[in-house]
Structure formats: structure tokens, C-alpha cells
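Here is the structure we will look at.
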Amino acid sequence: METQVIICLAIFVLSLISYGLNKWNMAVTAMVTMTVLIVTGCLNPATALSKFSDSNAIILAAMFIVAHGFGRTQLVDKVAGWVNRAAKGSFDRALTLMLLAVWVLTPFTGSPMTKMVI
């Protein structure tokens, strides 16, 4: 049993090193790590693959796609410029403005997760 724990810890350490070196794409590192965990018996295949159909994973993937789309437009740069002008270059003012916006928008949002994301 303790040999299995050592194998799993070694895989996770190698995975962290791979993420830190950033030599390969993060998705490749994640998939290789998952495959190695399944092959070595550290992770059950049904458990590993069930996370792909989890609604939270699907929502997170959709958020990444939307964020990438916004990043390719000028919207992000314009909003950042507006916040910078309103805060007059001060990080504390920008943070205060963001918290004020969250405070104002909180009654209009439905879920606690939405409030945290905003």
C-alpha cells in the first residue's frame, strides 16, 4: 500500500515540475498525468473519466472559451482603460471600485457563485 502512495506522490511531483517548466502545453501535462495515474492504478478509470461530464467542468470550459473570445476583442482593453481612468492609476481605488460594483450588483444576481465571479 505504501508503494502505491509513493508512486502517486512521485507522479504528482513530476506533474508539478512539468507545469512549472511550461515546456509542454498544460492540457498535455494534465492528460498524461491522468493516463499515468490510471495505468499505475492510482486512479480508477471510471472516476477519472467521470469528471469530464461534470457540470462544473463544462461550465468552467465554457467560461474559458468566452474569456478567450473577449480577450481577442478590444472589449477587455477598453474596460481596463475605463477602470484605470476611473481609479486614476491607483490599485486601491480600482479594488474599491470593483468591490463597490459587486456590492451594487449582488441583489440582481441569482447564485452565490455568480456573486464571487463578478
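Which of the residues spanning segment 65-82 are open to solvent by 90 Å² or more (accessible area, probe 1.4 Å) and more than 21 Å from MET98 (Cβ to Cβ)? The answer is ILE65, HIS68, ARG72.
Set side by side, the residues VAL104, VAL39 differ, and just one is open to solvent by 100 Å² or more (accessible area, probe 1.4 Å) and either at pLDDT below 80 or not aromatic (Phe, Trp, Tyr) (or both), which is VAL39. Annotation: VAL83 fulfils all but one of (1) modelled with pLDDT under 85; (2) under 30 Å from LEU16 (Cα atoms); the unmet one is (2). Of the residues GLY41, GLY69, GLY20, the single one that is assigned to a loop (DSSP other than H, G, I, E, B) and without any contact (Cβ under 8 Å) to a residue 60 or more places away in the chain is GLY41.
The values are calculated or read from the model by the stated rules, or taken from the named source; none is laboratory data. Just so it is clear, the model here is predicted, and its values are computed rather than measured. Every residue, glycine among them, receives a Cβ derived from its backbone with ideal geometry; neighbour counts consider all protein chains shown. The accessibility values were calculated without ligands, DNA or RNA, using every heavy atom of the protein model including side chains. Shrake-Rupley method; radii C 1.70, N 1.55, O 1.52, S 1.80 Å.
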